[in-house]
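Since the structure comes first, as structure tokens, the remarks are kept for the end.
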Amino acid sequence: MSDLVSETEFDALAEPVRAFVRRARERLLPAPPDVSDPTILPPHGDHALTPRLARAALAAPARQAAVLVPVVARPSPTVLLTRRAAELTEHAGQIAFPGGKIDPADPDSLGTALREAEEEIGLAPRLATPLGYLDPYLSRTGFRIVPAVALIAPGFVIRLNRAEVDDAFEVPLQFLMSPENHARHSREWKGELRTFHAMPYGERYIWGVTAGILHNLYERLYR
């Protein structure tokens, strides 16, 4: 992994990037949260805006996962996101972070997030400087997700794994961390109304788990 924010390199970063790194170091969790107990209901998740989803989430098979929240160290920092392949059986075509289920062979949740980012979009782990962790997020399908935040050195080349993702793109961090761009949308799901976070960005519709994790990033760093 990179030493992009070591003392010798920190001053070379643009001020908006340095400001983000300072906040991240002060306000993110320094260690990954424990998501091993399937009976504990985390405060953050799909159930936060639709409480009746809590029962279904706890009843679903408990699965541990990790995602990488990759903040690219451009003069105006961006967040790197993907669009899941249309042929997938779950969450097809949705905007997501690189990530997936924690494998027993992974050293930890950060290892999972970095491995998945390399497998999905060719992002080399050496380009990532870990900054900390967000709160665990519980999806309605029972995934207990650990979001690992990392600063990414620019200059990477995206190599899409077409079996998993159709696209990778960047969204300005300033847009995603501006509360006026945070919306709550609702739609019918299995005959019931579900409410969720959404952050529409041009033709990109960021919603659900991804928008919920981004909202948690805003709450921890900027509220």
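Out of Pro70, Pro42, Pro107, Pro51, I need the residue that is assigned to a loop (DSSP other than H, G, I, E, B), surrounded by 12 or more Cβ atoms within 10 Å (Cβ to Cβ) and of a type outside the set (Phe, Trp, Tyr). Which one? Can you show your working first?
Values: Pro70 fails: assigned to a loop (DSSP other than H, G, I, E, B); Pro107 fails: surrounded by 12 or more Cβ atoms within 10 Å (Cβ to Cβ); Pro51 fails: surrounded by 12 or more Cβ atoms within 10 Å (Cβ to Cβ).
Result: Pro42 is the single residue among Pro70, Pro42, Pro107, Pro51 that is assigned to a loop (DSSP other than H, G, I, E, B), surrounded by 12 or more Cβ atoms within 10 Å (Cβ to Cβ) and of a type outside the set (Phe, Trp, Tyr).
Considering the range 2-38, and only residues there that are touching a Lys or Arg at 6+ places or on another chain (Cβ under 7 Å) and part of a helix (DSSP H, G or I), the residue that is modelled with the highest pLDDT turns out to be Arg27. Here the range 122-155 is the region considered, the condition is being among the hydroxyl-bearing types (Ser, Thr, Tyr) and in a loop (DSSP other than H, G, I, E, B), and the residue that is surrounded by the most Cβ atoms within 10 Å (Cβ to Cβ) is Ser139.
How many residues, within the range 39-96, are on the phi > 0 side of the Ramachandran plot and at pLDDT below 95?
Total satisfying the criteria: 2.
Mind telling me which of the residues Ala124, Ala148 ends up being in contact with a Gly (Cβ under 9 Å, 6 or more places away or on another chain) and not acidic (Asp, Glu)? Can you show your working first?
Details: Ala124 fails: in contact with a Gly (Cβ under 9 Å, 6 or more places away or on another chain).
Ala148 is the lone residue from the list that is in contact with a Gly (Cβ under 9 Å, 6 or more places away or on another chain) and not acidic (Asp, Glu).
Do we find a residue being free of Cβ contacts under 8 Å to residues at least 60 places away in the same chain and among the small types (Gly, Ala, Ser) anywhere in the range 140-149?
no
In a loop (DSSP other than H, G, I, E, B), touching a strand residue (DSSP E or B) at 6+ places or on another chain (Cβ under 6 Å) and surrounded by fewer than 22 Cβ atoms within 10 Å (Cβ to Cβ): does that describe Pro61? For Pro61, the condition - in a loop (DSSP other than H, G, I, E, B), touching a strand residue (DSSP E or B) at 6+ places or on another chain (Cβ under 6 Å) and surrounded by fewer than 22 Cβ atoms within 10 Å (Cβ to Cβ) - is not met. The number of residues in the range 73-104 being among the polar types (S, T, N, Q), farther than 19 Å from Ala163 by Cα and surrounded by fewer than 14 Cβ atoms within 10 Å (Cβ to Cβ) comes to 1.
What pairs come out if I take residues in the range 67-79 that are farther than 15 Å from Ala24 by Cβ and pair them with residues that are part of a loop (DSSP other than H, G, I, E, B) and among the aromatic types (Phe, Trp, Tyr) whose C-beta lies under 8 Å away, six or more apart or interchain? Hits for this filter: Val67/Phe97.
Glu26 fulfils the conditions (1) farther than 27 Å from Gln174 by Cα; (2) without any contact (Cβ under 8 Å) to a residue 12 or more places away in the chain except for a single criterion, (1).
Within the range 180-223, the set of residues being among the acidic types (Asp, Glu) and in a helix (DSSP H, G or I) comprises Glu180, Glu219. Checking each residue in the range 162-179 for being assigned to a loop (DSSP other than H, G, I, E, B) and modelled with pLDDT of 95 or more picks out Met177, Ser178.
The values are calculated or read from the model by the stated rules, or taken from the named source; none is laboratory data. Predicted model only: the values in this text are computed from it and were never measured. Cβ sites come from the backbone with ideal geometry, for glycine too, and all protein chains shown count toward neighbours.
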